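The values are calculated or read from the model by the stated rules, or taken from the named source; none is laboratory data. Keep in mind it's a predicted model, so treat the numbers as computed, not measured. In this analysis, Cβ positions are derived from the backbone assuming ideal geometry, glycine residues included, and neighbour counts consider all displayed protein chains. What goes into the accessible areas is simple: the full protein's heavy atoms, side chains included, and nothing from ligands, DNA or RNA. Shrake-Rupley method; radii C 1.70, N 1.55, O 1.52, S 1.80 Å.
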Amino acid sequence: MKRRIVILGIDGLEYNLVEEWNLRYIKQKAYTKTDLSDFEVIVTPPIWAAMLTGRKISEIEEPFIKRHRFIAHKGKSSKVKVPWYVRLGSRILPLGIRKKIGEAIIKRVTGDPFLATYDYLLRTNKHKTIFDYFDKTWTNGVPSYGSNVSNPEVKAAMTEAVKGNLKPLVEYAMRTYEQDRKALFEALDGDYELIFWYTPFLDEISHFYIRKKLKLMNLYFDVNKLVKEVSEKLDEGDVLYIISDHGMEPIPGDPRGGDHSDHGFFSSNTGELIEKPQDLFKLVVEKAEGKK
């Protein structure tokens with residue numbers, strides 16, 4: 001079998017927690033934080049699209065920028081300037097009223113940016129992706145390339161979680177994670193040159209578990225074990241990259257407990273490193289061209 005490139009895309013994987021718990025299989029031979037300063041909004045679809053294409057796609061980022069203008073945001077995940085009246089409302093109006101007003105404005109101004117962008121790269125075919133450089137590829141879907149991380153089921157589960165009922169969200173996230181794990185190992189048994197596996201489960205749960213370190217640690221240890229099992233399936237010379245779009249950090253006042261941190265994660269079994277998520281494209285394409 002030819003040398004394979006396997007990419008494990010783990011949404012919300014936090015560099016500082018990998019370091020704190022010394023998760024050596026996730027760290028691999030070399031690991032680093034990735035720089036997200038090019039993005040006005042640190043949100044899932046635009047960052048994964050940049051990984052796949054090597055560049056920021058303004059058509060994917062802009063709906064999220066518009067959306068964030070109407071969110072009185074705390075934390076590091078947005079550089080978008082919030083209008084004065086939204087800032088004022090965040091100080092004087094109860095959270096429930098703010099949410100209703102905000103949701104009505106966002107729906108009218110932007111629609112659902114997740115729904116509008118989840119398959120943008122596939123639907124428009126305007127930009128070459130890393131999949132275009134290989135003959136045999138596999139993915140279970142990546143945000144902007146066929147994966148909607150904000151579907152009705154997860155939205156409903158998130159709403160319940162904000163109210164204090166985490167059970168539906170945890171059950172949903174773990175069920176889909178197990179399905180995706182099974183699909184990954186089936187793909188590893190196939191004859192693919194490029195495998196790009198994606199899972200959103202850690203991001204979904206970490207928003208609410210970021211202050212529950214023991215529960216979150218168990219999930220990270222499970223991901224560490226997954227990487228070990230994947231590594232054992234690889235042949236000599238196969239390449240394994242692990243990447244996240246962003247991490248997660250506690251945010252005072254956030255009803256969920258936490259939000260996206262201002263950096264991502266990357267590791268490799270080759271010793272290679274990247275500075276920004278969009279650098280993944282060049283790294284992978286160079287290997288594809290080197291095989292010709």
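Tell me which residues come under 5 Å, amide H to amide H, from residue 5 once H is placed; ignore anything under 5 positions away on its chain.
Placed amide hydrogens put 194, 195, 239 under 5 Å from residue 5.
Aspartates and glutamates near residue 33 by alpha-carbon distance under 12 Å, same-chain residues fewer than 8 away left out - which ones?
Cross-link targets: 14, 19, 245, 262, 275.
Holding the Cα-Cα limit at 18 Å, pick out from 29/228; 29/225; 56/128; 233/276; 228/276 the pairs that are longer than that. Please list the in-between numbers first.
Numbers: 29/228 13 Å; 29/225 16 Å; 56/128 13 Å; 233/276 28 Å; 228/276 25 Å.
In this structure, 233/276; 228/276 lie more than 18 Å apart at Cα.
Before I look further, what does the range 191-292 give for accessible area per residue, probe 1.4 Å, in whole square angstrom?
Working: 3910 Å² over 102 residues.
Spelled out: the 1.4 Å probe surface of the range 191-292, per residue, equals 38 Å².
Along each of its three principal axes, how wide is the spread of alpha-carbon positions in the range 192-278, in whole angstrom units, largest first?
Principal axes ranked by extent give 48, 27, 21 Å for the Cα atoms.
Which one, 237, 266, 280, is farthest towards the positive end of the dipole of the range 218-292 when Lys and Arg carry +1 and Asp and Glu -1 on their Cβ?
237
Using θ = phi - 60° and the Karplus form 6.51 cos²θ - 1.76 cosθ + 1.60, what ³J(HN,Hα) does each residue of the range 254-267 get, whole Hz, x for Gly and Pro?
6, x, 8, x, x, 8, 5, 7, 8, 8, x, 9, 8, 9
For the range 117-129, in order, what is each residue's ³J(HN,Hα) by Karplus, 6.51 cos²θ - 1.76 cosθ + 1.60 with θ = phi - 60°, in whole Hz (x at glycine and Pro)?
For the range 117-129, the Karplus-derived couplings read 10, 4, 10, 4, 5, 6, 6, 8, 6, 8, 10, 6, 10 Hz, x marking Gly and Pro.
Under the Karplus relation 6.51 cos²θ - 1.76 cosθ + 1.60, θ = phi - 60°, what is the ordered set of whole-Hz ³J(HN,Hα) values for the range 220-235, x standing for Gly and Pro?
Rounded to whole hertz, the list is 5, 5, 5, 5, 4, 5, 4, 4, 4, 5, 5, 4, 5, 8, 8, 8.
In terms of modelled amide H atoms, which long-range or inter-chain residues lie less than 5 Å from the amide H of residue 263?
Amide H neighbours of residue 263: 247.
So how strong a dipole does the range 170-292 carry about its Cα centre when Lys and Arg Cβ are +1 and Asp and Glu Cβ are -1, to the nearest 20 debye? Kindly include the intermediate steps, with their values, before the conclusion.
Numbers: 16 positive and 25 negative charges, 93 e Å.
The dipole of the range 170-292 has a size of about 440 debye.
For the range 118-200, compute the orientation-averaged projected area of the C-alpha convex hull (one quarter of its surface), in nm². Write down the numbers at each step before the final one.
Values: hull surface 24.2 nm².
Over every viewing direction, the Cα hull of the range 118-200 projects on average to 6.0 nm².
Starting from the 7 Å offset along Cα-to-Cβ, what nm value, one decimal, do you get for the label separation of residue 136 and residue 176?
3.0
At what distance in nm do the modelled label points of residue 116 and residue 3 sit from each other, each positioned 7 Å from its Cα along Cα→Cβ?
Placing both labels 7 Å beyond Cα along the Cβ direction yields 4.2 nm.
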